[in-house]
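Worksheet: one structure, shown below.
The values are calculated or read from the model by the stated rules, or taken from the named source; none is laboratory data. Remember, it's a predicted structure, so these values are computed and weren't measured experimentally. With ideal geometry, Cβ positions are generated from the backbone for all residues, glycine too; neighbour counts draw on all protein chains shown. Only protein heavy atoms, including side chains, enter the accessible area calculation; ligands, DNA and RNA are left aside. Shrake-Rupley method; radii C 1.70, N 1.55, O 1.52, S 1.80 Å.
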Amino acid sequence: MRSETLKGHLDALILSVVSIGPLHGYAIIEQLRLRSGGAMTLPEGTVYPALHRLEAAGLLSSYWSQTAGRRRRVYELTRRGERELGTRRAEWREFAHAVEAVLSPAEPSGPTAVPA
Amino acid sequence: MTSPYQQQLGRELTAVGIRGALHRRIVAEIDDHLQCDPDALLGEPRALAQQFADVIGSARAKTAAVAAFASLVVAGVVTLVIAVATGGTLRSAQPAGGPLHGPTTLATAAATVAVIALQVALACGLLVALRWLWRRHTGVLPAAEARVIVRRAIVGVGAGITGVAAIATAAVAERHVPGAPSAGPVIGASAVAVVALLASVPSLRAATRVRPLAEGPAGDVVDDLGPLAPAALKNRPWRVALLVAMAIALLATVAGVLQADPYDGAARGIVDGLACLAGFATLGPWLGLWSRRGRELAG
């Protein structure tokens, strides 16, 4: 999948991935790839600034954690982030439903009246 | 041990004004990522650092806007309390006519500075708050717009400090004048206002350090009105300025009528309206109220 296609949805995708629990940057990118069946391979460089942007917007919070002797910055969803994710999901469903309705091959249903 | 990539990223982050704890955090996050995946597609260090600068610059500009507005509100309330409690320390700002001597000269000069500075602070505070209101959910602002927001915040806070200091100066200069308010409480209240204004300085400093480069226009006074701007004003910032100047002139005239001095009110209204237009013409491009490019587009 082209990264340009994903750009407009990057925030919602990150929020959705982080909603499963606190994750560090690499794990977020891995989850995006795994959950999309390998279809979403974003350039990693775009994800870290996005994480900082979402944190600045109050949708994510972050803290340092010590794992196997390594310090890692871990991100988790805030309450505001949960609400935002809910909104984004509802908007996406509506949008996807509408696009699906238009893109699906029209079923033959007899002659259609064309307005004059 | 750091890789050449991290070293270069560190230098690029410094070059765009990202330093201290945030600098260390970003380098550590990227270091962690490269340990997990040495072949990660992180892009050129300069481009990555610039992305961070755009994100952080926007966030800090918005924080500076909120901090400046909040401190200006506190200072405004304190100033209002001073004005009500003293029955108008700024009266000497009115042209009294005749020769001015000693403390009266200083008091008049200080009160004049206070009136002008507080109006500039009020205008900048309102403009910065309006722009924040419409752009608060925008993740990355154009660099030009972020700079305008920070500039307005700095000018607003600076004018606020100047205005409050001038009020205190006027009170001190008039302390021996019969009937003048006691200088002590005015100085105390002014100090509270200055402290409130100074509290916003760290946010302003942080916002000026980062150098975003995101493309896009700075916007103008019509963008400050956001969805409130009627269609007739779109791309016509000078119409907004004219309407505001007329409103100011009308308000001053009405105030004059209420004080049984309509001619003085009208004269002050005309002067204030013209001052508003002069300020718009001279400071407008710098404070993002209008731009020559915008005028060309509108034309």
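Annotations for the structure displayed:
- Note on residue B:195 and residue B:274: their simple-model spin labels are 4.3 nm apart, each label 7 Å out from Cα toward Cβ.
- Length gained on full extension, residue B:115 to residue B:66, computed as 0.36 nm times the residue gap minus the Cα-Cα distance: 15.3 nm.
- Among the protein heavy atoms of the protein assembly as shown, carbon and sulfur supply 63% of the accessible surface, probe 1.4 Å, non-protein parts ignored.
- The mean accessible area for residues of chain B, using a 1.4 Å probe and ignoring ligands and nucleic acids, is 52 Å² per residue.
- Scanning chain B for trypsin sites (Lys or Arg not before Pro) lying in DSSP loops with no more than 13 further Cβ atoms inside 10 Å, the longest uninterrupted stretch between such sites is B:20-135.
- Backbone N under 15 Å from the residue A:39 label point (7 Å along Cα→Cβ), restricted to region A:80-94: A:93
- In the complete set of protein chains, residue-level accessible area for residue B:203 is approximately 30 Å², probe 1.4 angstrom.
- Buried accessible area, chains B and A (both chains, 1.4 Å probe, Å² to nearest 100): 1800
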